[in-house]
Each structure stands twice: as C-alpha cells, then as structure tokens.
Amino acid sequence: MTRNQSQGFSLFELIVVLFIGSVLLSVTTNKISSTRGVLSAVAARQAYLALHSRTRAQAIEFGSTARLMLDIPGDSAWIVQGGITLETYRFAPDGVDVQSSSSDAVVRMCMIARGYSEPRCNSFDESVTLLFVTAQASESIVLLPLGQVEW
C-alpha cells in the first residue's frame with residue numbers, strides 16, 4: 001500500500017496568498033493615510049475655533065482686550081493678553097498648511113471685555129476666509145469683523 005498524499009501547500013499557492021495579502025495591505029494603507037489627512041484638517045479647524053473661544057473668554061473674564069494672532073507663513077496661532085502669550089498652537093507638525101484670503105501675513109483679532117471683536121484693532125475690515133489644507137482635504141472658517149466665526 002503506497003501513499004501519494006502531499007503534505008503542505010505548493011509554492012504556487014503560497015505566492016498567490018502573499019500576492020493577495022499585499023494588495024489588501026496596500027489598499028488599506030492608502031485609505032488610512034487619506035483618512036489621517038482629512039482628520040488633521042478637521043483637527044486644525046477645531047483647534048483654531050478653540051483658541052477663538054478661549055480668546056473671547058479671556059477678554060470677558062479679565063475685562064481687558066485679548067488678541068488672537070494667526071501667522072499665515074509660520075502656520076501658527078497664539079493668544080496674547082497684556083503682552084503675555086497665553087497659548088500657542090502650531091499647525092505644521094500635523095501636516096496642515098494655513099491659507100488666508102487676507103493679504104496680511106499675520107491676521108489679528110482683538111476681543112474686548114464685552115465679548116465681541118473691536119474692528120479698529122483687527123487687521124481686517126471685511127470677512128476673512130481661513131483654509132486649513134492637507135494633501136487630502138481642506139477645511140475652512142470665515143472670520144467676521146465683529147468676532148463671529150462661520151464654518
């Protein structure tokens with residue numbers, strides 16, 4: 001009695017399985033990286049909105065002007081009150097490029113104690129659109145002269 005049963009997989013079967021696995025891995029890797037870019041743009045917009053809210057709250061709480069500064073070429077934003085920088089956020093480490101419809105390199109919004117922005121102190125007279133751009137997506141915010149934000 002002879003046995004002709006082969007044990008294990010053939011070389012061809014192993015190559016096919018590895019090929020299918022590599023195709024699936026490349027598809028999921030591309031999806032993950034594009035999702036990360038979209039989430040980075042959304043997170044940058046949310047970070048700016050949080051800084052905007054904090055600037056307004058600081059001005060109301062302490063009864064003095066607080067300034068929200070946005071450095072377009074430097075991709076960073078910070079809050080200044082009484083000559084002291086309270087908080088800084090940098091967008092570049094997350095792969096986000098900040099763009100603006102304003103011709104100014106630094107966009108300044110001054111919040112006063114009444115909870116709105118002082119147009120004479122702002123660096124803009126009309127609404128300004130801010131774009132938070134990654135390779136995969138962009139998110140926008142519109143700053144209005146009295147301190148409102150639309151998104």
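Just to be sure I understand: with springs between alpha-carbon atoms less than 10 Å apart, which residue in Ser76, Ser103, Ser53 has the highest mean-square fluctuation in the Gaussian network model of the chain?
Per the Cα network of the chain with a 10 Å cutoff, Ser103 tops the list.
For the stretch 80-93, in order, what is each residue's ³J(HN,Hα) by Karplus, 6.51 cos²θ - 1.76 cosθ + 1.60 with θ = phi - 60°, in whole Hz (x at glycine and Pro)?
Using θ = phi - 60°, the values come out as 10, 9, x, x, 10, 7, 8, 7, 10, 10, 10, 8, 4, x Hz.
Run the dipole for the stretch 11-150 about the Cα centre, Lys and Arg Cβ at +1, Asp and Glu Cβ at -1, nothing else charged, and hand back the magnitude in debye, nearest 20. Intermediate results must be reported in sequence, preceding the final value.
Numbers: 10 positive and 13 negative charges, 55 e Å.
Using Cβ point charges on Lys, Arg, Asp and Glu, the stretch 11-150 gives about 260 debye.
What number, rounded to the nearest 500 deg cm²/dmol, is the helix-based mean residue ellipticity at 222 nm of the chain, given -39500 (n - 2.57) per DSSP H run of at least four residues and division by all its residues? Before the final figure, lay out the partial values.
Numbers: 1 runs with 52 residues, N = 151.
Here the helix-only value at 222 nm equals -13000 deg cm²/dmol.
With θ set to phi - 60° and the Karplus curve 6.51 cos²θ - 1.76 cosθ + 1.60, what are the ³J(HN,Hα) couplings of the stretch 103-115 in order, to the nearest whole Hz, using x for Gly and Pro?
Once θ is set to phi - 60°, the couplings for the stretch 103-115 become 7, 6, 6, 10, 9, 10, 10, 9, 9, 9, 5, 7, x Hz.
Expressed as a fraction of 2.2 N^0.38 Å, the rule-of-thumb size for a compact globular protein of N residues, what is the C-alpha radius of gyration of the chain? Let's see the in-between values first.
On the way: Rg = 25.5 Å, N = 151, 2.2 N^0.38 = 14.8 Å.
Rounded to two decimals, the normalised Rg is 1.73.
Round to the nearest 0.05 the FRET efficiency obtained for Asp104 and Ser34 when R0 = 35 Å and r is the Cβ-Cβ distance. Walk me through the numbers on the way to the answer.
On the way: r = 32 Å, r/R0 = 0.92.
For Asp104 and Ser34, the calculated efficiency is 0.60.
Applying the Karplus parametrisation 6.51 cos²θ - 1.76 cosθ + 1.60 with θ = phi - 60° to the phi angles of the stretch 66-71, what ³J(HN,Hα) value in whole Hz is obtained for each residue in order, glycine and proline being reported as x?
Whole-Hz 3J(HN,Hα) from phi for the stretch 66-71: 10, 10, 9, 10, 10, 8.
Work out the FRET efficiency for Leu49 and Leu24 from their Cβ-Cβ distance, taking R0 = 41 Å, and round it to the nearest 0.05.
Working: r = 38 Å, r/R0 = 0.92.
After rounding to 0.05, the efficiency reads 0.65.
Coordinate-derived values only; no laboratory data. Remember, it's a predicted structure, so these values are computed and weren't measured experimentally. Cβ: placed from backbone, ideal geometry, glycine included. Neighbour counts: every protein chain shown.
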